[in-house]
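This is the structure I have questions about; it appears just below.
Each value in this text was obtained by applying a stated rule to the coordinates, not by laboratory testing. Since this is a predicted model, take the numbers as computed values, not measurements. So basically every Cβ, Gly included, is an ideal-geometry build from the backbone, and we count neighbours across all protein chains shown.
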Amino acid sequence: MIKTIGFALNGETVRLTVDAERTLLWVLRTDLGLTGAKFGCGEGQCGACTVLVDGEALPSCQLSVESVEGKKITTIEGLAKDGKLHPIQEAFVEHDALQCGFCTPGMILKAHSLLAANPAPTRDEILWTMDDNLCRCGAHVRIVAAVQTAAEALKGGSK
Amino acid sequence: MKKEDVAERRPGVDLSFSPLSRREFLKRMGLLGGGLVVYCTVGDLPAAARAPRTGYAGANVPTDFNAFLRIGADNRVGCMVGKIEMGQGVITSFAQMMAEELDVAYESVDMVMGDTDLCPWDAGTWGSLSTRYYGAFVKEAACEAKAVLQELAAERLGSPIARLVTENGAIFDKNNPSVRVTYGALTEGKVIERHLTELPPLTPVSEYTVSGKSYRRRDSMEKVTGEAKFTGDIRLPTMVYARILRPPAHGARLRRADTAAAEKMKDVQVIRDDELIAVLHPDPEGAAKALAAIKAEFDLPETGIDHETIFDHLLSRAPTPSVAGRAGNLAAGEKEATAVVEETYLNSYVAHAPIEPHAALAEVKDGRATVWASTQAPFGVQDQVSRALGLSKEKVRVIAPFVGGGFGGKSASAQAIEAARLSKRAGKPVMVLWTREEEFFYDTFRPAAVVKVRSGVDKKGRLCLWDYHVYFAGERGSENFYEIANHKESVYGGWHMGPGIHPFAVGPWRAPGANTNTYARDLHLNLMAARAGKDPLAFRLEHLKDSRMRRVLSAAAGKFGWTEAVPPSGRGVGISCGIDAETYVAAMAEVAVDRQSGRIDVKRVVCAQDMGHAVNPRGATLQMEGCITMGLGYALTEEVRFSDGKLLDVNFDTYQLPRFSQVPSIETVIVKNDALSPKGGGEPAVICMGGVLATAVHDATGAVVRQLPMTPERVKAALRAAG
């Protein structure tokens, strides 16, 4: 059904008239032109489509656009501020914590939601949280190191 | 040309190459926004004449050297390569090679990749060939361009060439450094064509300042911000998304398809083009709904073949073998042997499973086609699209943006042909994005394979017999590099066999064939070491003269802290080594096996490799880590299950890729060998993972797991058999 739906996207209010059953992932990628969230599996199994919904990392391929009415959505495009990378992004660059880069936006947002809830995670806590997100190139050891570096860098402040 | 390079070529793809005409070359430079190009050529020097420098002796090489670079008036250097970037990191190492040989700042090099209109021809990005072969041509082009720039500078500055020095994109007179000119100032405003009379010398490795130094990935800024564009991210006005009617099983035949309901849906266009039945809609969800509205009936095949019976099927179809290597006399070896061990090892089908499924956006209009595709072979796609649409190659431009993982699976790019055919029929740009189910269904899997080995040791505990038979993995990695008096390697079919052998398509999967061969060889060697009462490392070294292999084994052992013991020692340490893409690699691992559950916990993997001159040691390290991590999957969890042509694993819920919690501590060593030109880096380390973990499981428990992946069930069965 066509509805007008509003939510906050990377700090700005958006309202759009759209088939309410469409997925947040594809509304972001087509109507809103934000292609950082990727289509990987369509079943919430890989994490490539991860976005933050009120700070929580969720697979946007499993969310209807209607379900985020009134919520705060952050995509990878909304993480850097005024041209300055977020400390998690910086840590991924510093550690070369990526290869093909297709899973990277999802990895960074997953790490963001972990560190917001648990600013000083143990190594095991990082592993078990990041387990939801798949990387085929095998950048895992560097992603873990990047999350640890970012946790250090973020000490004392939640962002 | 090495045999393996020929084997990399996919059948059915026209790889003929004709050098660019001058007119085409100038057109290409025009597309780059100006003709500020150094165009030089050493007469009509055939590729063969350069073979000692490039390593290439045969055909199928790019000879349009000078299309590799463009020097702008702003002193920036465009480096154009027909290769694509899929995570392997050549976007960084090519820039290093260009900067090194042209003598410009690394930061001043801009990479242009995988665009058939802008880049020199290339067969495809596979076989760990980019750095070791294509890189040689990048260096040749830079070297020649530098010589031309020196000639131009001599004229401009009025100084003899002998007094000129190049440095960081400029040339000056060593007697008077203020007499200088930048490359950009020399090339400004014109296309320069010069003929050199002889090949200028390449920079000796001892003088390298950029190549051999570690650089971070140059694409990470784009990739951490979401700015990096993959094929599926590209949007064109009026474009639509396609979904295509697919059979439920391989070998299924369409009886009828009723598209009436789909045709009535708003904004939906139905296309029927021979066997291709597709629905188009402005958004992917609309296309999916329209596809669901098609009523289709298929006749399903009954083959009786599944993932368990496949091995008998394969053995029944084995062709006459070729002999990859032999020495001595097997009968003599049998006579000498005091102990003979005969085993059969199985390897399963595995998927490439890149996180980015195959994608293509095609715009066919005004007799031309532009296709963006996630492909490892943009020039191959250009050929295929030109044939599918009946357009000449010059009318087809293929662009491979960043590719979200390939591993061999995007050597085949059927999605690009589908998009092109649909765009031609629809008259608007069409995006084909395979779903994960389609990605599994149409993957060119690594083939299931069988290895039979019969080998023996003499009374001194030395290998005297090695009779090796490999079915459908191919010869890569089967070669014997040990000193064994009587050996023979028989190869029954390759990894690329066509219909009639496998129930679906198979193809190159990272180091094709070598994973199967290395697993079988190393597990079998562990059994022989056990039989001879020797430590597996010492046993290997007793049979090794090759100094490169001895060096990587000793480097791995040093890092690992290897201590001698006869397997099974109960410690759970494993060893594997091999040669792939001319790189020598050795790995050691430590595992714990839970006897109750059959679960294998990999604690630690150490890997050493000699890859000749490592252009970017950091990038090479990333590839080694990636190989080790990816290799955990085929060793432990990944297996494509199927029955009667229907795939039982079509998403990541049942097809288990390696996850964070399974990844061990990984340590890598690059054994320096600058005397050799760069060798392969993208594949070698993956070949050891089956062998190193299977030998570690054997060492831990005495269990011989004769099939990969070593699932808990297979481990438990092997434990029971071992008693």
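Could you give the dipole magnitude of segment B:520-627 about its Cα centre, charging the beta-carbon of Lys and Arg +1 and that of Asp and Glu -1, in debye to the nearest 20?
Value, rounded to 20: 180 debye.
Which whole-number percent gives the relative contact order of segment B:161-278, counting Cα pairs below 8 Å spaced six or more residues apart?
So the answer I get is 11 percent.
Quick one: length gained pulling residue B:592 to residue B:206 fully straight, 0.36 nm per residue minus the C-alpha distance?
Stretched out fully, the residue B:592 to residue B:206 stretch lengthens by 134.5 nm.
Starting from the 7 Å offset along Cα-to-Cβ, what nm value, one decimal, do you get for the label separation of residue A:123 and residue B:713?
3.4
Near the amide H of residue B:671, under 5 Å away, which other amide H atoms are found, from residues 5 or more places off or on another chain, if H is placed in the peptide plane?
The answer is B:609, B:610, B:611.
What pairs from A:38/B:646; A:3/A:38; B:146/B:672; B:264/B:295 go past 18 Å between their alpha carbons?
The answer is A:38/B:646; A:3/A:38; B:146/B:672.
Just to check I understand the Karplus step: with θ = phi - 60° and J = 6.51 cos²θ - 1.76 cosθ + 1.60, what whole-Hz values come out for segment B:576-591, glycine and proline as x?
Coupling constants for segment B:576-591: 7, 8, x, 10, 9, 6, 6, 9, 9, 9, 9, 9, 9, 9, 10, 10 Hz.
To continue, here is another question. Using alpha carbons only, how many angstrom separate the centre of segment B:418-440 from the centre of segment B:571-629?
Each part reduced to its Cα centre gives a spacing of 39 Å.
Here's something else I'd like to know. Positive end of the charge dipole of segment B:459-611 (Lys, Arg +1 and Asp, Glu -1 on Cβ, about the Cα centre): tell me which of B:491, B:576, B:554 has its Cα farthest that way.
Comparing the listed Cα positions along the dipole, B:554 ranks first.
Quick one: length gained pulling residue B:213 to residue B:368 fully straight, 0.36 nm per residue minus the C-alpha distance?
My answer for the length gained is 51.5 nm.
Hey, another quick one. Sorted by packing (mean other beta-carbon atoms within 10 Å per residue), highest first, where do B:310-323, B:603-616, A:42-55, A:77-90 land?
Order by mean packing, descending: B:603-616, A:42-55, A:77-90, B:310-323.
Could you name the lysines in cross-link range of residue B:459, using Cα to Cα under 17 Å and dropping any fewer than eight places away on the same chain?
B:335, B:534
Moving on. Between segment B:349-407 and segment A:16-85, how far is it from one alpha carbon centroid to the other, in angstrom?
Spelled out, the Cα-based centre of one part sits 27 Å from the other.
Helix A:104-117: angle to the longest alpha-carbon principal axis of chain A, degrees 0 to 90, nearest 10?
Computed tilt is about 80 degrees.
How many Cβ atoms of partner chains, on average, are near each residue of A:19-32 if near means within 10 Å of its Cβ?
3
How large is the charge dipole for segment A:2-78, taken about the Cα centre, if only the Cβ atoms of Lys, Arg (+1) and Asp, Glu (-1) carry charge, to the nearest 20 debye?
100
Okay, next question. How high is the FRET efficiency between residue B:74 and residue B:222 when r is their beta carbon distance and R₀ equals 30 Å, given to the nearest 0.05?
Efficiency for this residue pair is about 0.90.
In addition: Which trypsin sites (Lys or Arg not before Pro) does segment B:416-470 hold that lie in a coil by DSSP with at most 13 other beta carbons within 10 Å?
B:459, B:460
Between residue B:343 and residue B:392, what FRET efficiency comes out of the Förster formula 1/(1 + (r/R0)^6) with R0 = 41 Å and r the beta carbon distance, rounded to 0.05?
Efficiency computed from Cβ-Cβ geometry: 0.15.
For residue B:111, enumerate residues with amide H under 5 Å from its amide H, sequence gap 5+ or separate chain, H modeled in the peptide plane.
Long-range HN contacts for residue B:111: B:79.
If you don't mind, there's one more thing I want to ask. For residue B:122, list long-range residues whose amide hydrogen, built 1.01 Å from N in the peptide plane, is under 5 Å from its own amide hydrogen.
Hits under the 5 Å cutoff: B:379.
For segment B:549-592, what's the relative contact order in percent, using C-alpha pairs closer than 8 Å and at least 6 residues apart?
Relative contact order for segment B:549-592 comes out at 46 percent.
Oh, and also: Please give the peptides B:707-718, B:78-89 ranked by average Cβ packing (other Cβ atoms within 10 Å per residue), highest first, as a rough proxy for protection.
Ranked by mean Cβ neighbours within 10 Å, highest first: B:78-89, B:707-718.
Where nothing but the Cβ of Lys and Arg (+1) and of Asp and Glu (-1) is charged, how large is the charge dipole of segment A:87-154 around its Cα centre, in debye to the nearest 20?
The calculation lands at about 160 debye.
Follow-up question, since we're still on this one. Going by Cα centres, segment A:107-134 and segment B:293-310 are how many Å apart?
What the calculation gives is 41 Å, centre to centre.
Once you list every other residue whose beta carbon is under 12 Å from the beta carbon of residue B:557, what net charge do they have if Lys and Arg are +1 and Asp and Glu are -1?
It works out to a net charge of +2.
Count, for each residue of B:354-361, the Cβ atoms from other chains sitting within 10 Å of its Cβ, then give me the mean as a whole number.
5
Can you give the relative contact order of segment A:87-154 as a percent, counting alpha carbon pairs under 8 Å and 6+ residues apart?
Across segment A:87-154, relative contact order equals 54 percent.
Mind checking the mean number of beta-carbon atoms from other chains within 10 Å of the Cβ atoms in A:89-99?
Mean partner-chain Cβ count within 10 Å for A:89-99: 6.
So for segment A:87-154, taking the charge dipole from beta-carbon charges (+1 Lys/Arg, -1 Asp/Glu), which of A:148, A:137, A:109 sits furthest toward the positive end?
With unit charges placed on the Cβ atoms, the residue in question is A:137.
Apply the Karplus parameterisation 6.51 cos²θ - 1.76 cosθ + 1.60, with θ equal to phi minus 60°, to every residue of segment A:33-42 and state each ³J(HN,Hα) to the nearest whole Hz, in sequence, with x for glycine and proline.
x, 9, 9, x, 6, 10, 8, x, 9, x
Given a Förster radius of 22 Å and the C-beta distance between residue A:1 and residue A:31 as r, what FRET efficiency does 1/(1 + (r/R0)^6) yield to the nearest 0.05?
E between residue A:1 and residue A:31, to the nearest 0.05, is 0.85.
Shifting gears a bit: Please list 3J(HN,Hα) in residue order for segment B:282-289, calculated via the Karplus relation 6.51 cos²θ - 1.76 cosθ + 1.60 where θ = phi - 60°; whole Hz, with x for glycine and proline.
Residue by residue, segment B:282-289 yields x, 10, x, 5, x, 5, 5, 5 Hz.
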